[in-house]
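Please treat every number below as a calculation from the coordinates, not as lab data. All values reported here derive from a predicted model rather than from experimental measurement. All Cβ positions, even for glycine, are placed from backbone atoms using ideal geometry, and neighbour counts span all protein chains on display.
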Amino acid sequence: MALYAISGIVMIFRNTDYLKVGKPVVQTVGPGLEGDDIGRTLRLRDFRVERTEGDLVYFADGSYNTATGEAHYVKKSLPFVLDRMTHLHKATTNDPLYFLNMFFGISLLFFVVSAFWMYLPGGPILRKGLYFTLGGIVLTLVMLFV
């Protein structure tokens, strides 16, 4: 559960450069590309041309030479261990161990539901737990729809 908690927190910052390490990349693609074609060819998200000076097209963290087709940019990614941990959250049926994710999710759901049978019915602890559950449901609905 700690692994899922840590990787879930890291995934909150996936649209930022927080904790990411930059690696310089030099890639030669077809010369003469323009605008968004550069971003598609280099497979860069949120690609936007910042300025053009002669044959050089500048974009965030890099440049592209339209005459030679050479692109210099910085590819940012999480360190290996954090990258593998966040990959667990993105697992699909194409991943070889997706059934472990299913088992873990079903187990967590069982723990949530079975907690209601830990205390005597009508007791003050169960009543307080039901209030906390109701508060959690309301908070979840607020977070989902607001």
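Considering M11, M1, the condition of being touching a helix residue (DSSP H, G or I) at 6+ places or on another chain (Cβ under 7 Å), within 30 Å of L134 (Cα to Cα) and not small (G, A, S) is satisfied by M11 alone.
Filtered by the rule that a residue be surrounded by 10 or more Cβ atoms within 10 Å (Cβ to Cβ) and over 25 Å from H87 (Cα atoms), region 100-124 gives A115, F116, Y119, G123. Which of the residues that make up region 92-146 are closer than 24 Å to L3 by Cα and of a type in the set (F, W, Y)? The answer is Y98, F99, F103, F104, F110, F111. Screening E50 with (1) farther than 25 Å from F13 by Cα; (2) over 23 Å from the mean Cα position of the chain (by Cα); (3) not small (G, A, S) gives one miss only, at (1).
Looking across region 75-109, the residues that are under 19 Å from the mean Cα position of the chain (by Cα) and touching a residue at least 24 places away in the same chain (Cβ under 8 Å) come down to K75, K76, S77, L78, P79, L82, M85, T86, L88, H89.
Within region 74-96, restricting attention to residues that are in contact with a Leu (Cβ under 8 Å, 6 or more places away or on another chain) and surrounded by 13 or more Cβ atoms within 10 Å (Cβ to Cβ), the residue that is nearest to I12 (Cα to Cα) is T86.
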